[in-house]
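Participant: Sharing a structure with you now.
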Amino acid sequence: MQRACAAALLSTQKVVIKNPGHSNDDIAAMGIIRSLGATITEVDRETITIESSFLSDPAAIVSKEAAVNCGESGLSIRMFTPIVSLCNNEVLINGEGSLVTRPMDFFDEILPQLGVSIASSNGKLPLKVNGPLQPKNITIDGSLSSQFLTGLLMAFAAAPLTEAVTIRVNDLKSRPYIDLTLDVMKKFGLQVPENNNYETFTFTAAQPETLNLKPETLTYTVEGDWSGGAFLLVAGAIAGDIHVRGLQQTSTQADKKILEALMAANAGIAMDAKGITLHAAPMTAFEFDATDCPDLFPPLVALAANCTGVTVIKGVSRLAHKESDRGLTLQEEFGKMGIRVALDGDLMRVHGGPVKGAQVHSRHDHRIAMACATAALKADGPVTIEEAEAINKSYPDFYDHLKELGATVTGGLEYRDALNEIYSEK
């Protein structure tokens with residue numbers, strides 16, 4: 001949804017978005033494009049329209065007093081900062097919560113190379129940028145997050161080019177997320193660069209298609225979210241008998257790899273054109289490389305906690321700059337539930353065993369809250385999650401869906417066997 005908002009801002013067409021999200025991150029993205037002049041109309045809960053003239057004259061649309069608030073969304077801050085930099089006046093970019101502690105010095109290094117002046121708070125928010133961004137041949141580090149590249153790809157595609165330019169990327173992580181970005185760009189008519197093995201992305205001198213006014217309406221349907229859906233699938237593997245629809249099995253989303261982990265754990269899973277069905281079955285420890293899908297670590301740990309043996313997950317180095325330091329947080333919070341999690345360099349070892357009732361803390365991290373709740377479906381007693389509302393960042397309906405599964409959700413969170421069918425439409 002956030003990528004769709006960015007692409008809609010850069011489109012000259014009226015955009016109809018079906019199945020828009022309603023999470024805090026989605027709301028933040030819509031707020032950003034509103035602050036950049038877009039008009040959003042809610043047709044119904046499942047449809048919105050977006051009209052934007054941002055590219056016609058960004059400076060006229062975005063006032064000098066303009067401020068962009070990205071909420072707690074890491075994707076939004078990294079994606080929209082280069083886009084905002086297309087404006088040739090100063091814009092303040094800020095965020096909330098854990099986002100203000102996350103490193104943004106990438107922009108301090110890269111944006112000046114593209115003609116943008118930037119001021120940060122020692123490499124952190126708030127940022128002040130003053131463009132316009134001028135695409136040039138640059139080399140960037142892709143090891144921290146692919147989201148920085150997503151923002152540059154969007155901005156380069158929206159800017160007029162007089163000659164071909166190339167973004168060279170060293171050590172790109174999370175390639176599937178770039179596939180998702182390129183797919184959205186293509187569907188919205190943005191110029192899609194030539195991708196040479198994820199090492200270089202070359203834009204031609206042709207004008208972006210979005211600069212050619214088009215009278216017709218563009219319709220885009222937001223895919224079901226595999227990142228949130230992963231928790232439902234793991235819940236089914238743990239507690240049994242659920243059917244999940246709305247997750248495209250042909251999706252380019254990185255977190256679709258949860259299916260590989262479930263099969264490696266010998267989960268009771270079956271897939272067909274109608275969706276994915278899971279039932280409880282004895283599961284065994286597995287090995288999994290989550291380097292390109294680090295958001296899967298929390299559901300993977302919940303899964304591994306309910307497996308026999310020691311599960312090994314690779315990619316811990318990708319966890320330090322999330323909403324919390326997820327490696328340490330998973331170790332500490334699952335430890336409270338009697339699950340030993342060992343960290344060894346880039347490897348995490350999860351010792352499966354009976355999950356105990358306990359009081360845990362989300363650390364204000366949506367995925368930690370969902371991981372603890374999912375693991376607790378077979379706990380020997382109630383599990384209470386402090387700051388449980390952290391889920392609103394990405395999946396506000398999560399606890400309601402667990403209730404449909406037969407879980408008891410109160411002031412704390414107490415879980416019983418899953419009984420019913422559940423559907424993931426977002």
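The values are calculated or read from the model by the stated rules, or taken from the named source; none is laboratory data. Note that the structure is a prediction, hence the values are computed from the model and not measured. No Cβ is skipped: glycine too gets one built from the backbone with ideal geometry, and neighbour counts run over all protein chains shown.
Participant: Considering the stretch 282-312 alone, what residues qualify as being without any contact (Cβ under 8 Å) to a residue 60 or more places away in the chain, more than 15 Å from residue 258 (Cβ to Cβ) and part of a loop (DSSP other than H, G, I, E, B)?
Facilitator: Hits for the stretch 282-312 are 282, 309.
Participant: Still on this structure: In the stretch 156-167, which residues are more than 16 Å from residue 86 (Cα to Cα) and under 23 Å from the mean Cα position of the chain (by Cα)?
Facilitator: 167
Participant: Right, next: Filter the stretch 121-137 down to residues that are modelled with pLDDT of 95 or more and over 23 Å from residue 54 (Cβ atoms), then give me how many there are.
Facilitator: 1
Participant: To continue, here is another question. Which one of 131, 142, 151 is farther than 25 Å from residue 25 by Cα and assigned by TED's automatic domain parsing to the domain that holds residue 194?
Facilitator: 131
Participant: Could you pull out the residue among 185, 263 that is at pLDDT 95 or above, assigned to a helix (DSSP H, G or I), within 24 Å of the chain's Cα centre (by Cα) and not assigned by TED's automatic domain parsing to the domain that holds residue 308?
Facilitator: On the way: 263 fails: not assigned by TED's automatic domain parsing to the domain that holds residue 308.
Going through 185, 263 in turn, just one is at pLDDT 95 or above, assigned to a helix (DSSP H, G or I), within 24 Å of the chain's Cα centre (by Cα) and not assigned by TED's automatic domain parsing to the domain that holds residue 308: 185.
Participant: Take the conditions at pLDDT below 95, buried (at least 24 other Cβ atoms within 10 Å of the Cβ) and not small (Gly, Ala, Ser) and apply them to residue 70. Does it pass? Steps first, please.
Facilitator: Values: at pLDDT below 95: no; buried (at least 24 other Cβ atoms within 10 Å of the Cβ): yes; not small (Gly, Ala, Ser): yes.
No; evaluated as a whole, the condition is false for this residue.
Participant: Just to check your reading of the model, which residue among 50, 33, 93, 83 is assigned to a strand (DSSP E or B) and under 14 Å from residue 10 (Cα atoms)?
Facilitator: Answer to the selection: 50.
Participant: Being at pLDDT 95 or above, closer than 30 Å to residue 353 by Cα and within 20 Å of the chain's Cα centre (by Cα): is that true of residue 256 here?
Facilitator: Criteria met by residue 256.
Participant: Considering (1) in contact with a strand residue (DSSP E or B) (Cβ under 9 Å, 6 or more places away or on another chain); (2) crowded, with 21+ Cβ neighbours inside 10 Å; (3) more than 25 Å from residue 186 (Cβ to Cβ), say which one residue 96 fails and leave the rest.
Facilitator: All conditions are met except number (2).
Participant: Quick test for you: out of 50, 93, 61, pick the one residue that is in contact (Cβ under 8 Å) with a residue 40 or more places away in the chain, in contact with a Leu (Cβ under 8 Å, 6 or more places away or on another chain), within 20 Å of residue 154 (Cα to Cα) and of a type in the set (A, V, I, L, M, F, W, C).
Facilitator: Sole residue among the options that is in contact (Cβ under 8 Å) with a residue 40 or more places away in the chain, in contact with a Leu (Cβ under 8 Å, 6 or more places away or on another chain), within 20 Å of residue 154 (Cα to Cα) and of a type in the set (A, V, I, L, M, F, W, C): 50.
Yes/no matrix, rows are residues, columns are (1) closer than 30 Å to residue 314 by Cβ; (2) among the aliphatic types (A, V, I, L, M); (3) touching a His at 6+ places or on another chain (Cβ under 9 Å):
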position: 117; (1), (2), (3): no, no, no
position: 126; (1), (2), (3): no, no, no
position: 136; (1), (2), (3): no, no, no
position: 159; (1), (2), (3): no, yes, no
position: 168; (1), (2), (3): yes, no, no
position: 191; (1), (2), (3): no, no, no
